[in-house]
Structures are given as C-alpha cells and as structure tokens.
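S.K.: Sharing a structure with you now.
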Amino acid sequence: MDTADFLSKLTNKSRSSIVDFLRLAPNKYRVYTIPKRSYGYRTIAHPTANLKFLQRTFSENFAFPTHAAAQAYISGKGIKSNATQHKNNCYLLKLDLEDFFNSIKPDLFWGVWDKAFQELPSPASKEMLEQLLFWRPSRRIGHTLVLSVGAPSSPAISNFCMYFFDVAITNICELLEVKYTRYADDLTFSTNQKNILFELPALIESTLKEEFSLQLNINKKKTKFSSKAHNRHVTGVTITNDSTLSLGRSRKRYIKHLVHRATLKQLNTDELNHLIGLLSFAHDIEPDFLTRLDAKYGDGSIQRIRSSI
C-alpha cells in the first residue's frame, strides 16, 4: 500500500500535496490537559482540522481487524455491552493498562501489522503512515512518536494493536471458563468459579511480555477483585446482585439533585448539558430510573429537560 496514493484517491488531493503536508504532521497538534477521574491529569493532543480530516478518512477506509472482545470505539458496542457480558457472573477482576495510548509507538504498530498482513509497506509508505497516525510530543524531528489521545484514528489503531493480545487472552480465558472483554485500556474478567481469577494477573503480564516485549504494562495500583459480596462495577456501570445493570446509588442521587435544580431553572448552560448527558446515559443503562423520575416531577418533565438545548 502506498500511503500517499491511498489518501490522494480518497480525498482528490494531489499526491505531492499530501506528502508535503505529512512531513510535519506529527507536530500539528494542539496539546492541553484535563483532570483524570481519580487523580492527576491526562494529556490530550488534538490534531489540526486538516490532519484530523486525513486521519478520519484513512481510519474509515482501511479495514483493520478488531477482536470480538474489544468493546470501545465500535459501532453497536460500548459501556453497556461491556458490562452486560459480565452481569451473570459472581466474581470479577479488573485490570488497567498503564498510559495506554501513549505507550503505542510505531515499532509496536508495525509488529502487529506484519503479523496481521504478512508484509510491510515500503519504507517511504511506512514513514508517511507514521506521520499520519502518530504524534511527536517533543516537536523535534527524529524524537519519539506516540499514539495520541485526541486523534480520530487512534481508537481504531489501538484496537488493531491489541488484536493478537485479545486473541491470546480470549483463548486462555475460554480454557478457564472466564469471560474476557476489553474497553480500551480496561480489561475485565468474570467467572462463577471461586478463586480462578487470582491466577490471571500473572498470565496477563506474561502475555503482554510475549506480545509487546513490555511496551505495554499493567497499572498494578488499579487491579481490583470483587464479588457479589461487594459492589461490582464495570466501566462505570454497577452490576446488582440480581444480575441487572444499574447507575448505582451515588450517581442516581446526583442526577436527582440536578433534575430538581433543573426544574427550578437553577442550572446554567454547561450544567444543563452535563445533566442531559447523564440522562442519556441513564436511559441506556437503567431506563426505569427515568420513568420514576418522570412520575415524581410530572409526566414529560425528563424529556423536556433532555430536549431543552
């Protein structure tokens, strides 16, 4: 595959203009930080509009294999489908991959590419594809390229890079009668067999070493075992003891508080947008909760809030 020709045909831009543009593409990002949910900050590298267009065009038109265990960034899948696959199992293990996107570098990408497609592009095409898909944090030519959090192509690339890992882990888990899913960097395992999950962290680390030579690692601070005796949460969704999905008590209290303020017209635009997002999430995960809210605040009140902006 010739990267420049591929993009030229899809965009009706000249090959030479694409080659010239890609030369400095790894520097064409706006960088900022946002707070993480727990602690610290996440660095977002957002590509310029022209680069974003090329990245999206490429990722939407090149068929990368993705494993069935992958739940993030895939049409028809998401947080709900991820949690649903574990709701009937008693025991749960959650693992987190450390610095996931930024740990995916060209060498890792090409290793998976070679394994998947049995051949590599020409050196020139490889260089252009790296320029298209990877960000250079230092902005100095020749310095390390990494996958950015913020590029529209990064989700597809990350799922592709995890393909053979997902294959290997799924095979291990099937032998152990364990269910495995992956939502980006969140690995979730569940079973009805007591104590079997304690074997998995060492097996996962061994597989990471085999597949990626320790370029990807487990964040051991985030390893969590749970069971029906404790709260079970999968990608922000609570699994109840009767195997249903729930928003959880604290999130429901928070939504009720915001809805009450919304009925009194006490929310500003940002707060209202935030509430609308939460109500959409609630509708997907626990629609009965919205029905009860509607009954409390008057028929149609929730829908009026959801359509107020």
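The values are calculated or read from the model by the stated rules, or taken from the named source; none is laboratory data. Every value quoted in this text rests on a predicted model; they were computed, and no experiment measured them. Note: ideal-geometry Cβ built from the backbone for every residue, glycine included; neighbour counts use all protein chains shown.
S.K.: Restricting the first residue to segment 6-29 and requiring it to be without any contact (Cβ under 8 Å) to a residue 24 or more places away in the chain, which pairs with a second residue that is of a type in the set (Ser, Thr, Tyr) and surrounded by fewer than 17 Cβ atoms within 10 Å (Cβ to Cβ) meet a Cβ separation below 7 Å and a spacing of at least six or different chains?
M.R.: Short answer, once both residue conditions are applied: 8/14; 28/48.
S.K.: Now for a separate question. If a residue must be loosely packed, with under 12 Cβ neighbours inside 10 Å and either β-branched (Val, Ile, Thr) or touching a Lys or Arg at 6+ places or on another chain (Cβ under 7 Å) (or both), how many such residues does segment 2-24 contain?
M.R.: 0
S.K.: Looking only at residues that are polar (S, T, N, Q) and under 20 Å from the mean Cα position of the chain (by Cα) in segment 201-227, which one is surrounded by the fewest Cβ atoms within 10 Å (Cβ to Cβ)?
M.R.: 219
S.K.: Would you mind finding the one in 75, 38 that is surrounded by fewer than 16 Cβ atoms within 10 Å (Cβ to Cβ) and either aliphatic (A, V, I, L, M) or closer than 18 Å to residue 185 by Cβ (or both)?
M.R.: Going through 75, 38 in turn, just one is surrounded by fewer than 16 Cβ atoms within 10 Å (Cβ to Cβ) and either aliphatic (A, V, I, L, M) or closer than 18 Å to residue 185 by Cβ (or both): 38.
S.K.: Which of the residues belonging to segment 159-199 are outside any loop (DSSP other than H, G, I, E, B), touching a residue at least 60 places away in the same chain (Cβ under 8 Å) and of a type in the set (Gly, Ala, Ser)?
M.R.: Within segment 159-199, just 190 meets the criteria.
S.K.: Among the residues that make up segment 141-151, is at least one of them under 25 Å from residue 233 (Cα atoms) and of a type in the set (S, T, N, Q)?
M.R.: For segment 141-151, residues under 25 Å from residue 233 (Cα atoms) and of a type in the set (S, T, N, Q): absent.
S.K.: In segment 89-121, how many residues are exposed (fewer than 15 other Cβ atoms within 10 Å of the Cβ), modelled with pLDDT of 95 or more and polar (S, T, N, Q)?
M.R.: The number of residues fulfilling the criteria is 0.
S.K.: Considering only segment 141-156, I want to know if a residue exists there that is part of a helix (DSSP H, G or I), farther than 19 Å from residue 64 by Cα, among the polar types (S, T, N, Q) and assigned by the TED database to the domain that holds residue 206.
M.R.: No, every residue in segment 141-156 fails to be part of a helix (DSSP H, G or I), farther than 19 Å from residue 64 by Cα, among the polar types (S, T, N, Q) and assigned by the TED database to the domain that holds residue 206.
S.K.: From the residues in segment 287-309 that are part of a helix (DSSP H, G or I) and of a type in the set (D, E, K, R), which one is nearest to the chain's Cα centre (by Cα)?
M.R.: Among those that are part of a helix (DSSP H, G or I) and of a type in the set (D, E, K, R), it is 306.
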